[in-house]
Amino acid sequence: MDVAWGSRLSGETKGLDILGIRALDQNIEASLTNGITTISIRARYISILAWAIGRYFVDESAGGLVQHDKEARAIYFNRVRFMVLAATYVDQGPSEVGVMGSDSYGAEAEALRAGSSVRLPDTGNMALLNTYFGPASALGLVESRPESSGLPFGLTARGTAMYHERNKQLEGTGLIELLRNGGELDHETAQSARAAFSLARTSEFGREAELLREALTDAWVPGNSMAAKRVAEAYEKMTETCAWLERELKNGVTGANQLIAQNYYRAVSNGARGIEYEWASFEWHRRVHFALELLLAAITKTLINVGSMSISQVISTWSSTSSASEPLSAHWHSPASDAASLVSPGQFTGSLLKPDDYGGDPQIQALRAFQIIVTQARDSQTVGRASNRSLGSLSPAARTIEILENGDGTLSDVLLAICDECVAQRHIANTMRKMGNQQDCSLRFYPDGPVLVATGIDIAPSYSGSRLQNTMRILADIKMLNLGANGAVAAGVAA
């Protein structure tokens, strides 16, 4: 079936995973950080969410009634989110990392800092719940409830303990009633809320930090035996990650990206086992996926610049151009194995791959992607091979390496096969799947008979986000780690 659209897209979606492949490396990392995500940045939101869930349903259930006013619930959670923003701004100013709501309420928070009063939100927003329910659930503080229970979610025994601890400290402050009823928040009240809600004061509020440390280090036991096994394994990996961090901090590591790069280099050079191997495997997949996004960017830019053409014509356009700055551009029609031999061993292994360094003409982008793929194929002998087997033959990373290693044609032939199967087809299929699930369209090109037609929207290739920096910051919030300026690691602190 031929598909054709009569007009270009009227809008653009960010399409952060427009090839549909990042879940592979993200799942590897997720298994090592026990629920911490790429957007869950601060520990205190986890404990505040548990308290807010308990407090809201206590208030809503007064008199034995459980109403389920979703709009009222969204307003309440938005007020809690705003209180954190207000208390943190009054306490630390806008420089504090990971504060939610500053894009919507930054002006109000600044007004509070200057001594004015502002009104708590009367509109709903569930960003606090949506962002931190996953981590709070993984740590055994909150849980989803079946519909028959009458509640959408609730607290576990661990979450109930957190709720009671925070509630005990908040009783009599007037903040509980203010969040429930809404109204004006003045500067003095915002100052009084710092101890309970500022992100910088987690360790100063009763036993809150202690309970969070327990939640991060002591596995909870769900009722289901299979679930209990998964929880135990997640905590084991998190414990190993924390021990790995503590070891690495003694070597002067300054941040998560440097740590990941150094660990990867050692794993490729000397081999690795255990947690070091798993973090290296995460980075291996992330680099292959970056190379594939680099190829997607090159295809997209070529279609925008030159016009509709088949994928083989795209490759021909690249191979017809040479560049003095890129020696491989003279080898488009050489055997792929010969071209691969020109890629220096360890060319990318010992340093961070920075997406900003990979702009320029599309044919240069494509050759740089080829160089990364060649390097990752070599590195897979010590890092990626076992995880490729576990992910199966349908893994885009595994298939990319397979095409490279089994291809007996020219450099152009190998890139054609990779671009067709692992890039263009995946991009179109993934976008159609997302649209079928009522998500926005992120197509950069679409098929019209034998050719691909650009939608006119460019793409900036990028790495998958890492959870490791967030993990380090959350550990720092509860004094399990020290962070220096700008989130850089200063020193390890034993739990």
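The values are calculated or read from the model by the stated rules, or taken from the named source; none is laboratory data. Quick caveat: nothing in here was measured; it's all calculated off a predicted structure. Using ideal geometry, Cβ is built from the backbone for each residue, glycine included, and neighbour counts are taken over all protein chains shown. Surface areas here come from the heavy atoms of the whole protein model, side chains and all, with no ligands, DNA or RNA. Shrake-Rupley method; radii C 1.70, N 1.55, O 1.52, S 1.80 Å.
For the reader, a short list of remarks on this structure follows.
- Any chance N437 is open to solvent by 40 Å² or more (accessible area, probe 1.4 Å), among the polar types (S, T, N, Q) and modelled with pLDDT under 90: yes
- The residues listed here are I315, I260, I299; of these, the one that is part of a helix (DSSP H, G or I), closer than 24 Å to S351 by Cβ and either in contact with a Leu (Cβ under 9 Å, 6 or more places away or on another chain) or of a type in the set (K, R) (or both) is I260.
- Close contacts from the range 187-200, counting a first residue that is in contact (Cβ under 8 Å) with a residue 24 or more places away in the chain and crowded, with 17+ Cβ neighbours inside 10 Å and a second that is polar (S, T, N, Q) and not in a helix (DSSP H, G or I), with Cβ to Cβ under 8 Å and a gap of 6+ residues or different chains, come to H187/S116; H187/S117; A193/T173; A196/T173.
- Scanning the range 110-161 for residues that are in contact with an Asp or Glu (Cβ under 7 Å, 6 or more places away or on another chain) and modelled with pLDDT of 95 or more yields S117, V118, R119, G124, S137.
- If you check G223, G172, G206, G255 for being closer than 17 Å to A43 by Cβ and at pLDDT below 95, only one passes: G206.
- Note on the range 82-133: among residues that are at positive phi and surrounded by 15 or more Cβ atoms within 10 Å (Cβ to Cβ), the one that is farthest from the chain's Cα centre (by Cα) is G101.
- Taking residues in the range 170-185 that are on the phi > 0 side of the Ramachandran plot, and partners anywhere that are open to solvent by less than 30 Å² (accessible area, probe 1.4 Å), the pairs with Cβ atoms closer than 6 Å and at least 6 places apart or on different chains are G182/L120.
- The condition (being in contact (Cβ under 8 Å) with a residue 24 or more places away in the chain and open to solvent by 50 Å² or more (accessible area, probe 1.4 Å)) is satisfied by just one residue among H289, H285, H331: H331.
- Among (1) over 26 Å from the mean Cα position of the chain (by Cα); (2) at pLDDT below 90; (3) surrounded by fewer than 19 Cβ atoms within 10 Å (Cβ to Cβ) - the single one G407 does not satisfy: (3)
- From the options V221, V268, V231, residue that is open to solvent by 10 Å² or more (accessible area, probe 1.4 Å), part of a helix (DSSP H, G or I), farther than 19 Å from T33 by Cβ and not charged (D, E, K, R): V268
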